[in-house]
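Encoded as structure tokens, the structure appears first; notes follow it.
No lab work stands behind these numbers, since they all come straight from the coordinates. What you are looking at is a predicted structure, and each value in this text was computed from that prediction instead of being measured. A quick note on method: Cβ atoms are made from the backbone with ideal geometry, for glycine too, and the neighbour counts reach across all protein chains shown.
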Amino acid sequence: MDVKYINPFIQGLLDVVSMLGMTSMTRTGLAKKAYLQTENEVNIIIGLTGEVKGNIVFSMPEATAKNIASAMMAGVPVEKLDLIPKSALCELANMIAGNSASKLEGLGLRFNVTPPTLITGKNLLALISQVETLVINFTGDQGPLEMNVALEM
Amino acid sequence: MSSTTYIVPFIKAVASVFKDMLGIVVTRGEPVDEGEGFESQGFAVIVGFTGGWRGRFFLDMPPATAIKVAGILTGEEYDSATHEEVLLCGAEIGNVVCGNAITAVNDAYPGLGIRLTPPSVFVGEGFSMFNVRLSSYSVMMQTDAGPLKINVAVEEGKR
């Protein structure tokens, strides 16, 4: 996968979180994995179809998820990941996918996104797609966060 | 189109794919409205779709069932559902089921143009799925290889 197609996703995430007031978020790493094996309890999957086809999974510990949800809700503390924080996190994934999509359109690539699904659990193993997964690490005041990108293009 | 309509093509596809590819006979239950999410039995194959229908399909089963299904496909025995071949077999079954279901729907409703994402597989204990703003229906099926739950979650307001 050409790096020029990854940058829109990285920048999409950074632009969206910054717009939501989480300006300390930075990218800390990039690696490849055959599949995602995560200790992170909160994972949000969004699928892509069209000229870019695959899945993206945002993966984070529960603490980061609560902090991000809180930041999205004007700092209201989030004690538990119930319906409203979960909806906020799904909306974040949606916004990042949308932002990345418009950047990729600028590179001449069109795709559609599925609605997000949030998966919570401990010690998950996930095969995100049948191509290898690019793991992009971010961290900020809210905690660590991963964006796992598995695309066929 | 009523919400249970979305799940019917998938019920048919699961029954025929399991019978033709695996020799497993599936008996079906009734659709159940699960609201916004459900708990997995431990092994979930997930396929998304866009176009005229936007949403996600889940094929969910206990790990033991996934191991049996993979064993039928490859002829091997596996001691864990986390084995790469079990994951890949799960993904393939999910792919074929969705391919069949969506082909039938696209043929029946020209212009819907539904497209599928590649399948994903999640394995773990005590994990659950939440879909925001999607209405979700499950059907629990029984088979010789164990129970199978299928869930289809589609965005409301679409055809």
Describe numerically, in nm with one decimal, the distance between label points set 7 Å from Cα along Cα→Cβ at A:Asn137 and at A:Asp82.
3.5 nm
Beyond 20 Å, what share of the Cα-Cα pairs of segment A:39-116 is found? Please give it as a whole percent.
37 percent
Based on DSSP H assignment, which helices of chain B show an axial Cα extent of at least 27 Å together with a mean Kyte-Doolittle hydropathy greater than or equal to -0.5?
B:84-108
Value of Rg to Rh for chain A (Rh from inverse mean 1/r over Cα pairs, i.e. Kirkwood):
0.94
How far is the Cα center of segment A:9-23 from the Cα center of segment B:91-159, in Å?
31 Å
On the first, second and third principal axes, largest extent first, how far apart are the outermost C-alpha atoms of segment B:14-143 in Å?
44, 31, 27
Under 13 Å from the Cβ of B:Thr74, count the other residues' Cβ atoms, weight Lys and Arg +1, Asp and Glu -1, and hand me the total.
-4
Which value, to two decimals, describes the C-alpha radius of gyration of segment B:42-92 once divided by 2.2 N^0.38 Å?
1.28
Whole-Hz Karplus ³J(HN,Hα) for segment A:111-121, in order, using 6.51 cos²θ - 1.76 cosθ + 1.60 and θ = phi - 60°, x for Gly and Pro?
8, 10, 10, 7, x, x, 10, 9, 10, 10, x
Under the Debye formula (equal points on every Cα, no solvent term), log10 I(q)/I(0) of segment B:113-153 at q = 0.26, 0.28 Å⁻¹
-1.25, -1.23
Full-extension gain between B:Val32 and B:Thr103, please, as 0.36 nm times their residue separation minus the C-alpha to C-alpha distance.
23.1 nm
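With each run of n ≥ 4 DSSP H residues scored as -39500 (n - 2.57), what mean residue ellipticity at 222 nm is computed for chain A after dividing by its residue count and rounding to the nearest 500 deg cm²/dmol?
-11500 deg cm²/dmol
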Per 5 Å bin, what is the whole-percent P(r) computed from every C-alpha pair distance within segment A:1-71?
3, 12, 19, 29, 21, 12, 4, 0
Taking amide H positions as placed in the peptide plane 1.01 Å from N, state which residues far from B:Asp144 in sequence (5 or more) or on other chains have amide H under 5 Å from it.
B:Val25
Principal axes of the protein assembly as shown: Cα extent on each, largest first, Å:
54, 45, 39
